[in-house]
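Visitor: Below are the structure tokens for one structure; questions will follow.
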Amino acid sequence: MASSELTYRGQQAAAADGAHGPAESKPRTRQQLPQPLRYVLGEQRLVFSLVGMALATLVFLLLSPSTTTTTSSSSSVAHLAAVGLVSRQYQSGGAGRMAFEEGTGGVRHGRVPLGLKRKGLRVVVTGGAGFVGSHLVDRLLARGDSVIVVDNFFTGRKENVAHHAGNPNFEMIRHDVVEPILLEVDQIYHLACPASPVHYKFNPVKTIKTNVVGTLNMLGLAKRVGARFLLTSTSEVYGDPLQHPQVETYWGNVNPIGVRSCYDEGKRTAETLTMDYHRGANLEVRIARIFNTYGPRMCIDDGRVVSNFVAQVEGLMKLMEGEHVGPFNLGNPGEFTMLELAKVVQDTIDPNARIEFRANTADDPHKRKPDITKAKELLGWEPKVALRNGLPLMVQDFRTRIFGDQKQQQPDGSE
Ligand SMILES: O=c1ccn([C@@H]2O[C@H](COP(=O)(O)OP(=O)(O)O[C@H]3OC[C@@H](O)[C@H](O)[C@H]3O)[C@@H](O)[C@H]2O)c(=O)[nH]1
């Protein structure tokens, strides 16, 4: 049967003209090769080397163990770009912004290819003078990013970020997010909102306005500058849950007209807006549902049930840098009753502390427990600090702030 004209016939040709078998064959010069093969080998060397580099990169991406199952094409493209194999214009990342910085190869959002230094990002943290936000600012600056804190100091304190004064990578803007603001940045962590019922009930209309208009302004900024946007939502979106523990697919049981609705429904609307920008404007977004937290810099009159030390900041950063939109529950599934908590306080802080039993405030959830399977599996995150070990750090922080104890605390709560 005649073989295809396109099949390389060099070997057969050689055999046909009595050329030596493989063992004795004399080395053939390039001139003896068929013309098409000579052209490809000679003229197309550059193409071959680029194709080879692209194939090597793809093999690297597919075989590297840390590749998540849902690595988006953008991070694969970013890796190809980082090694110069894909044009900048092909990059996704919002309004034409690049997923990597010119010349540095540093990938802004995804994992950094081997051997390339991560370029510092420009990050906005709204509510960055608050409890969770100020710890996040510490970690971002320590990582080499430039951070702009946008905060109206409704519940936040300058003292929470004062230790960064003089750092050229740190800026503080007193601004209420219900008014638009224009900043050229790469990432936006949106935490601006009073989190304690004591504070958000003080001015419920302002609370829901911050959650709705404030989030709208920050989403608009993210879309305008091509930044990745992370919303710190809350376990309150589950209301007084009828499902226990709560998984992220649970829609919740929320009172739309109660005294907590300004926060519960405000955060639910913030999540809705976030997903609408994601679906409608292809904005890179991330949603974290934070369960009650405690630790140094917590408002002394906060009043929330403490359950999860401030280690959630790691979860927020893993979520921002990862490829999964969420929402993700970030909290401590370790359950305890209020009485057990009171006993931990007596054991670790003050054995003479008196335990009082009071009625729940209106609409207070009767129980809440995060299912953090998704965060464990897709973010590789789970809480590290046990309540018994975290409480003393918070108490020492309170003591220093109330009594000005001699032993000054480090920003992260250590001595
Ligand atoms: O209108 C406002 C209200 C509040 N804020 C600021 O936002 C910050 C909120 O910090 P808080 O200490 O009150 O709250 P936390 O840091 O505990 O919770 C924060 O992160 C977790 C999210 O679930 C909460 O919704 C968010 O408030 C404060 O610095 C406050 O001044 C604004 O900038 N604008």
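The values are calculated or read from the model by the stated rules, or taken from the named source; none is laboratory data. Keep in mind it's a predicted model, so treat the numbers as computed, not measured. No Cβ is skipped: glycine too gets one built from the backbone with ideal geometry, and neighbour counts run over all protein chains shown. Heads up: the accessible areas ignore ligands, DNA and RNA and are worked out on the full protein's heavy atoms, side chains in. Shrake-Rupley method; radii C 1.70, N 1.55, O 1.52, S 1.80 Å.
Visitor: Got a number for the accessible area of TYR250? Probe 1.4 Å, square angstrom, nearest 10.
Guide: Result for TYR250: roughly 30 Å² accessible.
Visitor: While we're looking at this one, here's another question. Any idea how far apart TRP251 and GLU377 come out in nm if each label point goes 7 Å out from Cα toward Cβ?
Guide: So the label points at TRP251 and GLU377 sit 2.3 nm apart.
Visitor: List residues of the range 238-276, by number, whose backbone nitrogen lies under 20 Å from a label position 7 Å along Cα→C-beta of ARG224.
Guide: Hits in the range 238-276 for ARG224 at 20 Å: 273-276.
Visitor: Note the full-extension length gain between ALA342 and LEU58 as 0.36 nm times their separation in residues minus their Cα-Cα distance, in nm to one decimal.
Guide: Computed gain between ALA342 and LEU58 is 96.7 nm.
Visitor: Set the Förster distance to 60 Å, then compute FRET efficiency between ARG45 and ALA281 from the Cβ-Cβ distance, nearest 0.05.
Guide: Between ARG45 and ALA281 the formula returns 0.85.
Visitor: Also, quick follow-up: Counting other Cβ atoms within 10 Å, which GluC sites (Glu not before Pro) in the range 156-199 have at most 13 and lie in a DSSP loop?
Guide: Counting only loop positions with at most 13 other Cβ atoms within 10 Å, the GluC sites (Glu not before Pro) in the range 156-199 are GLU184.
Visitor: For the range 181-283, with only Lys/Arg (+1) and Asp/Glu (-1) charged at the beta-carbon, what is the dipole magnitude about the Cα centre, in debye rounded to 20?
Guide: Charge dipole of the range 181-283: 260 debye, to the nearest 20.
Visitor: Could you go through the range 259-272 in sequence order and give the Karplus-derived ³J(HN,Hα) for each residue, using 6.51 cos²θ - 1.76 cosθ + 1.60 with θ = phi - 60°, rounded to whole Hz, and x for Gly and Pro?
Guide: Going residue by residue, I get 6, 9, 4, 4, 8, 4, 6, x, 6, 5, 5, 4, 5, 4 Hz, with x marking Gly and Pro.
Visitor: Just read off the accessible area of PHE170 with the full protein assembly in place, 1.4 Å probe, to the nearest 10 Å².
Guide: 30
Visitor: Between GLN32 and LYS117, what length comes free when the chain is fully extended (0.36 nm per residue of separation minus the Cα-Cα distance, one decimal in nm)?
Guide: Here the answer is 25.8 nm.
Visitor: Evaluate the distance, in nm, between pseudo-label points positioned 7 Å from the Cα of LEU182 and of VAL213 along their respective Cα→Cβ axes.
Guide: About 2.0 nm, to one decimal.
Visitor: Right, another one. Starting from the range 152-189, pick out the trypsin sites (Lys or Arg not before Pro) whose DSSP state is loop and whose Cβ has at most 16 other Cβ atoms within 10 Å.
Guide: The qualifying sites are ARG157.
Visitor: Where does each of MET53, MET218, MET275 land when they are ordered by accessible area, with a 1.4 Å probe and the largest first? If you can, show how the numbers build up before the last one.
Guide: On the way: MET53 90, MET218 0, MET275 45 Å².
Putting MET53, MET218, MET275 in descending order of accessible area: MET53, MET275, MET218.
Visitor: Sticking with this structure for a sec: Using modelled backbone amide H atoms (1.01 Å from N, in-plane), which distant-in-sequence or interchain residues come within less than 5 Å of PHE328's amide H?
Guide: Close amide H contacts, sequence-distant or interchain: ILE287, ALA288, ARG289.
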